[in-house]
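The values are calculated or read from the model by the stated rules, or taken from the named source; none is laboratory data. As the structure is a prediction and not an experimental result, all values here were calculated from the model. Reconstructed Cβ throughout: ideal geometry from the backbone, glycine too, with neighbour counts over all protein chains shown.
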Amino acid sequence: MLAVDGVSKRFGGLMAVDGASLALEPGGIVGLIGPNGAGKTTLFSMISGFVPPSDGRIRFEGTDITAEEPHRRAERGIGRTFQIVQPFAGLTVCENIAVGAYLRHAKRADATARAREVARRVGLAAELDRPAGGLTVAGRKRLELARALATEPKLLLLDEVLAGLNPSEIRDIIPVIRGIRDEGVTILMIEHVMQAVMNLCERVYVLAQGRMIAEGPPAAVCADPRVIEAYLGHGAAARLKAEGAAHG
Amino acid sequence: MTARDLIPIAVLTVLAALLPLVVTSSPVLNFLVFMLIVALGAQGWNILGGFGGQFSFGHAAFFGTGAYATAILQLRYGVNAWAGLVLATAAGAAVGWAIGFLSFRSGLRGSYFALVTLAFAEVFRILANAASFTGGAAGLLIKLDVHPANLQFADRAVFYWLVLALVAAVLLLTRWIQRSRFGAQLVAVRENEDAAKALGVDSLKVKLRAIALSGGVTALSGCLYAQYFLYIDANIAYGSWISVELLLAPIIGGVGTVFGPVVGALTLHGLGEVAKQFAGRIPGIDLIVFGTVLVLAVAFARGGILGLLERLRDRGRGMVARGAKEVSHAGR
């Protein structure tokens with residue numbers, strides 16, 4: 001459904017993303033992990049159309065969307081959340097979600113009904129009439145999710161929706177994400193909370209210094225020496241192995 | 001829109017329509033007409049600035065375009081004044097769209113957009129002052145020919161009712177914007193443009209629609225000004241005084257609200273007029289009042305007069321609720 005083909009982004013002398021490729025089949029949750037500064041969010045911004053790639057192509061359901069505006073991609077069914085939450089602070093929670101719902105429902109009553117339904121699903125039903133600016137961090141993360149969901153996406157890009165949440169809040173939101181997948185939405189998520197990645201993702205891609213260095217089931221990827229070195233530094237994999245052997 | 005959305009507009013319009021039956025003095029009617037014209041132009045500003053968050057410092061560009069369009073159409077082409085009204089509104093919308101296209105497409109926001117609008121208004125003023133087509137510095141005089149077909153009425157009250165009807169129509173338009181998909185998207189762009197785009201909002205299209213509507217409404221007010229006072233020159237039509245009036249009224253009344261611009265225009269001009277009555281010998285006393293009211297509004301009434309009233313009402317309700325609780329505690 002989504003094919004990212006050798007995409008690069010250069011910011012001046014810095015290669016933020018360097019020839020990264022990934023391919024998603026419909027359905028399922030795929031993770032995108034990697035150390036800080038690996039270029040994950042830049043890659044997301046290129047997929048959602050906020051940053052034009054310096055090189056490479058992006059196809060969605062067979063159509064080349066590399067040069068399309070973000071709102072056109074949203075119409076096609078690519079929804080995204082922002083790592084730094086971007087609520088419409090002056091509006092209520094319901095009005096925030098309704099902006100997303102208006103994409104597929106032109107009438108106010110329909111859009112509002114849809115917004116209420118989405119709010120219930122992500123656990124914001126009690127906050128509907130509160131101003132979005134007054135939500136807690138966890139509430140804002142849920143709001144990001146709800147707004148994106150209200151656009152009825154086929155592909156949902158989640159940029160660290162769990163970051164900044166405490167363990168019990170994470171436990172609460174994991175079933176919500178799983179529920180979205182069960183309804184047939186394909187999910188690509190950037191995540192640092194490994195417990196959640198292991199729990200949710202069928203497959204993960206690992207991005208390090210702009211390059212895609214590994215891909216596969218989470219457990220296999222986490223054991224991959226290249227991935228361990230990307231996180232812990234050169235030689236770390238060998239050292240860990242040696243220590244493991246000594247203790248074993 | 002529901003009945004609850006429409007009733008306040010209907011009630012206020014009917015009440016305002018009864019005024020000329022009570023007040024018959026011409027200076028007062030002149031004042032009311034002028035104030036309503038400013039309110040109408042301010043309503044135009046509010047669509048773009050209040051709902052869209054794109055603050056314009058140069059709405060004179062639209063006001064003047066409306067005024068000049070109707071004057072030139074009547075004087076040079078013999079177009080009927082009523083048709084001039086419609087065409088002037090369309091001209092304002094077109095100028096709005098063009099300015100919007102140039103500035104929004106190149107991504108101008110915030111103070112940059114404000115400066116560009118100011119520049120456009122100034123360029124128009126200088127051009128209108130220089131070109132013979134627009135009457136140059138001498139300005140344009142619309143021929144006095146009192147007849148309803150010429151949009152000139154023997155009774156000032158008729159013109160007052162006409163302007164009032166248009167103000168009411170724009171109140172309805174604004175209420176519709178507030179309740180529509182277009183309005184939700186416009187407000188979303190104001191609050192956070194990137195987030196809006198991610199939700200499928202075509203922000204350029206939404207902003208262009210807003211500035212075209214805004215330009216049209218403000219041009220309509222300029223057209224009425226020309227039609228009522230029958231004389232314009234570049235410094236009246238494209239002068240910065242009107243840009244300032246049109247943005248002050250919504251900011252003081254309540255930016256991004258349906259009634260804000262009308263409340264603001266009424267307050268400003270009401271206070272200005274009172275000040276002139278008491279201290280008319282001091283030139284520019286009304287401007288001093290405007291400045292003072294602006295400072296007070298910015299310092300103490302974020303969200304303008306309407307925002308202040310809402311806060312007071314909420315506090316009042318809170319007190320009533322607390323009071324009820326205490327009573328019920330005492331009863332136990």
Looking only at segment A:35-51, count every residue that is away from every other protein chain (no Cβ under 11 Å) and polar (S, T, N, Q) and tell me the total. 3
Considering only residues of segment A:95-140 that are more than 22 Å from the chain's Cα centre (by Cα) and among the aliphatic types (A, V, I, L, M), which is farthest from A:ARG72 (Cα to Cα)? A:ALA126
Residues B:LEU6, B:LEU75, B:LEU87: which one is surrounded by fewer than 24 Cβ atoms within 10 Å (Cβ to Cβ) and closer than 22 Å to B:TRP176 by Cα? B:LEU6
Heads up, the helices (runs of 4 or more DSSP H) in segment B:136-251 (entirely inside) with at least 3 residues that are surrounded by 20 or more Cβ atoms within 10 Å (Cβ to Cβ), away from chain A (no Cβ under 14 Å) and out of contact with any Asp or Glu (no Cβ under 9 Å at 6 or more places or on another chain) are B:156-179, B:203-229, B:234-237
Pair list, Cβ under 7 Å, 6 or more apart: segment B:258-278 residue crowded, with 24+ Cβ neighbours inside 10 Å, other residue part of a loop (DSSP other than H, G, I, E, B) and at pLDDT 90 or above: B:GLY260/B:GLY254
The number of residues in segment B:15-28 that are β-branched (Val, Ile, Thr), part of a helix (DSSP H, G or I) and surrounded by 11 or more Cβ atoms within 10 Å (Cβ to Cβ) is 1
Taking segment B:275-292, which residues are of a type in the set (Val, Ile, Thr) and closer than 14 Å to B:ILE252 by Cβ? B:VAL289, B:THR292
Considering only segment B:277-308, state which residues are among the small types (Gly, Ala, Ser) and over 23 Å from the mean Cα position of the chain (by Cα). B:ALA279, B:GLY280
Could you tell me which residue of segment A:52-64 is nearest to the other protein chains (Cβ to nearest Cβ), considering only residues that are of a type outside the set (Phe, Trp, Tyr) and out of contact with any Asp or Glu (no Cβ under 8 Å at 6 or more places or on another chain)? A:PRO52
Are any of the residues in segment B:181-191 without any contact (Cβ under 8 Å) to a residue 60 or more places away in the chain and farther than 30 Å from A:HIS105 by Cβ? no
Residues that are crowded, with 22+ Cβ neighbours inside 10 Å and among the β-branched types (Val, Ile, Thr), drawn from segment B:105-128: B:THR117
